[in-house]
Amino acid sequence: MSKRVGLILAALLVVAFAIPSFAADVKIKGDFNNRFMVYTDHNDWLDSEKGVLKDGSSSETWGEAKYRMWFDASTNDGKVKGVYALEIGALEYGKPSGSPAGKSTGGSYSGDTINIETRWLYTDFQLPWACEKARIRMGLQPFKVNSYLWAETVMGVTSDFAFGPVNLNLAWLRPVRDETKDPDDDME
């Protein structure tokens with residue numbers, strides 16, 4: 001019995017070391033932006049009749065933070081890629097959390113209100129059986145109909161196929177979901 005167990009363990013070790021190793025490429029990129037303005041002379045903020053700052057409508061000195069970060073993880077051959085991008089945006093220094101929570105709130109004591117916005121969250125992969133370029137992207141992703149006409153972030157599935165000199169792009173996007181139901185409809 002001990003010889004059999006030894007042979008089985010040896011066979012399992014050979015199989016375990018014979019499995020190919022996989023590598024991944026992980027990138028973290030971002031824009032960490034802190035802006036300050038000290039004693040501005042911005043004319044939109046001045047009361048032209050009195051020659052002073054408009055009372056209560058703006059501050060002559062302020063600071064804010066706006067961070068945009070994105071994480072790319074892909075296989076070493078580039079056949080599968082995952083992307084997550086987020087924005088923590090326009091938190092004004094010293095501005096208390098508002099109710100309801102909204103943009104630019106939560107720069108005061110004890111942390112903040114919810115200020116994180118998911119900008120992109122998608123998986124992009126090469127179809128395994130295709131020799132030519134055949135990529136599918138699924139999730140919340142940047143999408144351009146035309147750089148001059150429309151560019152937006154939207155949930156959906158897009159695909160890029162290349163057959164020699166011909167490039168084909170297909171997309172199914174769903175930015176709004178209509179939940180209206182017909183009361184006479186029996187299907188659910």
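With a 1.4 Å probe and all protein chains kept in place, how much accessible area does residue 7 have, in Å² rounded to the nearest 10?
Probe radius 1.4 Å; accessible area of residue 7 about 120 Å².
Quickly work out the residue 172-to-residue 147 label distance, labels modelled 7 Å from Cα along the C-beta direction, and quote it in nm with one decimal.
Roughly 3.0 nm, to one decimal.
From the protein chains alone at 1.4 Å, what is the descending order of accessible area for 159, 147, largest first?
Details: 159 10, 147 85 Å².
If we order 159, 147 from most to least accessible, we get 147, 159.
Grab the beta carbon distance between residue 79 and residue 7, set R0 = 41 Å, and tell me the FRET efficiency rounded to 0.05.
Rounded to the nearest 0.05, the efficiency is 0.65.
Over the heavy atoms of residue 92, what accessible area does a 1.4 Å probe trace out, to the nearest 10 Å²?
Its accessible surface works out to 70 Å², give or take rounding.
From the protein chains alone at 1.4 Å, what is the descending order of accessible area for 138, 37, 69, largest first?
138, 37, 69
The values are calculated or read from the model by the stated rules, or taken from the named source; none is laboratory data. Quick caveat, the model's predicted, so the values are computed rather than measured. Glycine also receives a Cβ, built like all others from the backbone with ideal geometry; neighbour counts cover every protein chain displayed. Protein only, heavy atoms only, side chains kept; ligands, DNA and RNA dropped before computing areas. Shrake-Rupley method; radii C 1.70, N 1.55, O 1.52, S 1.80 Å.
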